[in-house]
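A.B. asks: First the structure, which I've put down as structure tokens, then a few questions once you've had a look.
The values are calculated or read from the model by the stated rules, or taken from the named source; none is laboratory data. Fair warning: this is a prediction, and the values are worked out from it, not measured in the lab. Here the Cβ is made from the backbone with ideal geometry for all residues, glycine too, and neighbour counts use every protein chain on show.
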Amino acid sequence: GFEVATFAGGCFWGTELHFQRIPGVVATCVGYTQGGVPAPTYEQVCSGTTGHTEALQLLFDPSECSYESLCAKLLSTVDPTARNRVGNDRGTQYRHGIYSHTPEQAEAARRALELEQAKQSAPVVTEMLPARVFYPAENYHQRYLQKGGQNAAKNAPEKVRCYG
């Protein structure tokens, strides 16, 4: 069966496209998680006052891609030592994180973060927390970069461009 995973990697448009391209990822949804306001809007989340981070929830087939490989992919798309920042996006709503749904996922996330820390000279600050309520973002955000013409095919080689 499929499993659920939740990741935050800065602007959720780019995070989604990175994961859409992975064989074994069967569905993606961008949204907001780890905050305190029920069903926040994009504008509320962007204000940085709700505590949410822009996130991606996905379904994957663990017989095709391991949860640990998904964690490693997330860490490869961010600077895991930069707090509340991915690329030019700054603020708590852009913090990166791995939000586990099971004890097995939490253990795999811990291992992935340990491997990443071994490669870094500064502390890795990627959050690792249990998954909380995930609120899907507004429809226009879903598959935003794919709708804008970027390649979402499995193993697509093109660089993910977050803006245009």
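A.B. asks: Quick one: would you say S69 is surrounded by 14 or more Cβ atoms within 10 Å (Cβ to Cβ), touching a Pro at 6+ places or on another chain (Cβ under 8 Å) and among the polar types (S, T, N, Q)?
C.D. replies: No, not satisfied.
Residue by residue, here is whether (1) out of contact with any Gly (no Cβ under 8 Å at 6 or more places or on another chain); (2) surrounded by fewer than 17 Cβ atoms within 10 Å (Cβ to Cβ) holds:
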site	(1), (2)
L56	no, no
D89	no, yes
L113	yes, no
K119	yes, yes
T126	no, no
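A.B. asks: Could you tell me which numbered condition V124 fails, if it satisfies all but one of (1) farther than 22 Å from V45 by Cα; (2) assigned to a strand (DSSP E or B)?
C.D. replies: Tallying (1) farther than 22 Å from V45 by Cα; (2) assigned to a strand (DSSP E or B), V124 fails exactly one: (2).
A.B. asks: With respect to Q93, determine if the residue is under 14 Å from A8 (Cβ atoms), of a type outside the set (F, W, Y) and within 14 Å of the chain's Cα centre (by Cα).
C.D. replies: yes
A.B. asks: Give the residues of the range 121-145 that are touching a His at 6+ places or on another chain (Cβ under 8 Å) and either of a type in the set (D, E, K, R) or modelled with pLDDT under 95 (or both), sorted by residue number.
C.D. replies: Within the range 121-145, E127 is the sole residue that qualifies.
A.B. asks: While we're on this one: Being hydroxyl-bearing (S, T, Y) and crowded, with 17+ Cβ neighbours inside 10 Å is the filter here, so list the residues in the range 139-156 that pass it.
C.D. replies: Y144 - this is the single residue of the range 139-156 that is hydroxyl-bearing (S, T, Y) and crowded, with 17+ Cβ neighbours inside 10 Å.
A.B. asks: What is the residue count in the range 127-151 for residues that are assigned to a helix (DSSP H, G or I) and within 26 Å of V37 (Cα to Cα)?
C.D. replies: Residues in the range 127-151 being assigned to a helix (DSSP H, G or I) and within 26 Å of V37 (Cα to Cα): 4 in total.
A.B. asks: Which strands (runs of 3 or more DSSP E) does the range 1-114 wholly contain that include 2 or more residues that are hydroxyl-bearing (S, T, Y) and farther than 18 Å from A131 by Cα?
C.D. replies: Per the criteria, no element qualifies.
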